[in-house]
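J.: Got a structure for you, written out below as structure tokens; questions coming shortly.
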Amino acid sequence: MQICQHIEDVRQQGAAWQREGLSVGLVPTMGYLHRGHASLIEAAARENARVVVSIFVNPLQFGPTEDLASYPRDLGRDTELCEQSGASLVFNPSPEELYPPGFCSYVIMEAGPSLGLCGASRPGHFRGVCTVVAKLLHLVQPHRAYFGQKDAQQLAVIRRMVLDLNLPTAIIGCPIVREADGLALSSRNTYLSPEERRAALCLYEGLLAGNNLVKAGDADTEVVLRAVRERIEAEPLARIDYLALVDPLDMRPVPDLSGPTLCAAAVYMGTTRLIDNLLLKD
Ligand code: AMP
């Protein structure tokens, strides 16, 4: 497995694989990798001859009061996990490599799935995500790129961006990987104190409570949202940032439960913001 810091090296390797007729999968990450990331790399390795994993804590997608400086990092452990999961190349650029002095061109989504939810709570977040992912897709020119359903809005935004910009990469969504008790794996889980970690389960249990009502068949959106909210708010350490029932393609709130419905939530456990979601109706 190669490890590259420089754009030119990745571009050349990508071009060489293209010339050899090898398919390439890309897995963009911010590092501090866990089994959720590994599942994406493994999926990419099954479906492509070569796999590029990018490890880059993207300053553009963090707000001024967010955790950019303290975001967990462990490149040694990450590269081991990448190699074990089937990666061919790890791209680990510096911020200056991707955003040199004078950088001022961005990819901005002005409507559709980028509005609401994390787009509303984290102004500028999807501008940062779209800009870095567009750059990575452009550099690597992968046949397929892999994203987790854990960040369902990000997946919807990337799908829209790729469609709007006529990018040739297929976007593959992968299922959420959870701890044994149901908590979605996240690099940010490392911030949780033992009490917060126990309490954080309210997020998944809330989503399950909503799912049970939908399965029973006689609930409307308000009843479902109330059940999810009540389970989360029963936990004194939890504070809801947002909770919504949305269409999984455009991320807009659904008026009723007749079509595809995703329940999406962001919850603060102390100062740690966790997100999770569950597809209540296909
Ligand atoms: P991050 O490093 O948090 O930016 O995540 C990189 C990619 O891994 C994104 O596409 C995430 O959606 C995905 N991912 C993060 N956590 C999980 C998880 N628990 N299960 C599946 N995919 C995940």
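J.: Amide H to amide H under 5 Å from residue 30: which residues, 5+ apart in sequence or cross-chain, H placed 1.01 Å off N in plane?
T.: Amide H neighbours of residue 30, under 5 Å, 5+ apart: 56.
J.: Here's a follow-up. Taking the Cβ-Cβ separation of residue 165 and residue 215 as r and a Förster radius of 35 Å, what is the calculated FRET efficiency to the nearest 0.05?
T.: So, using R0 = 35 Å, E works out to roughly 0.35.
J.: Residue by residue, what Karplus-based ³J(HN,Hα) values in Hz, rounded to whole numbers, does the stretch 168-181 have, using 6.51, -1.76 and 1.60 with θ = phi - 60° and x for Gly and Pro?
T.: Result, ordered by residue: x, 7, 7, 9, 10, x, 10, x, 6, 9, 10, 5, 4, 7 Hz.
J.: Right, another one. If you add up the charges near residue 70, with Lys and Arg at +1 and Asp and Glu at -1, over every other residue whose beta carbon is less than 14 angstrom from its beta carbon, what do you get?
T.: Cβ neighbours under 14 Å give a net charge of 0.
J.: Return the lysines within reach of residue 135: Cα separation strictly under 28 angstrom, same-chain partners fewer than 8 residues apart disregarded; answer none if there are no such residues.
T.: 150
J.: While we're here: May I ask which residue of 148, 53, 136 lies farthest towards the positive end of the charge dipole of the stretch 2-174, with charges of +1 (Lys, Arg) and -1 (Asp, Glu) on Cβ and the Cα centre as origin?
T.: Toward the positive end, the furthest listed residue is 148.
J.: In nm, to one decimal, how far is the residue 69 label point from the residue 195 one, both placed 7 Å along Cα→Cβ?
T.: 2.6
J.: Could you check how much of the accessible area of the chain is carbon and sulfur, as a whole percent, using a 1.4 Å probe?
T.: On the chain, the fraction of accessible area on carbon and sulfur atoms equals 51 percent.
J.: Considering the Cα positions of the chain, please state its Rg to one decimal place and its Dmax as a whole number of Å.
T.: 19.0, 58
J.: List, in order, the whole-Hz ³J(HN,Hα) value for each residue of the stretch 35-52 obtained from phi through the Karplus relation with A = 6.51, B = -1.76, C = 1.60 and θ = phi - 60°; use x for Gly and Pro.
T.: 4, x, 4, 4, 5, 5, 5, 5, 4, 5, 5, 5, 9, 9, 6, 9, 10, 9
J.: Figure the gain on full extension for residue 172 and residue 223 (residue separation times 0.36 nm, minus the Cα-Cα span) and round it to one decimal in nm.
T.: Here the segment from residue 172 to residue 223 would lengthen by 15.1 nm.
J.: Under a crude label model (7 Å from the Cα following the beta-carbon direction), how far is residue 180 from residue 282 in nanometres?
T.: 3.0
J.: Using each residue's phi in the stretch 69-85, evaluate 6.51 cos²θ - 1.76 cosθ + 1.60 at θ = phi - 60° and report the 3J(HN,Hα) Karplus result to the nearest Hz, with x for Gly and Pro.
T.: For the stretch 69-85, the Karplus-derived couplings read 5, 9, 4, x, 9, 7, 5, x, 5, 4, 5, 4, 4, 4, 5, 4, 8 Hz, x marking Gly and Pro.
J.: Just to compare against my own numbers: the Cα pair-distance distribution for the stretch 187-276, 10 Å bins, whole % per bin, please.
T.: 18, 48, 26, 8
The values are calculated or read from the model by the stated rules, or taken from the named source; none is laboratory data. Quick caveat, the model's predicted, so the values are computed rather than measured. For neighbour counting, all protein chains shown are included, and Cβ atoms are generated from backbone atoms with ideal geometry for every residue, glycine included. Side chains included, ligands, DNA and RNA excluded: accessible areas come from the protein's heavy atoms. Shrake-Rupley method; radii C 1.70, N 1.55, O 1.52, S 1.80 Å.
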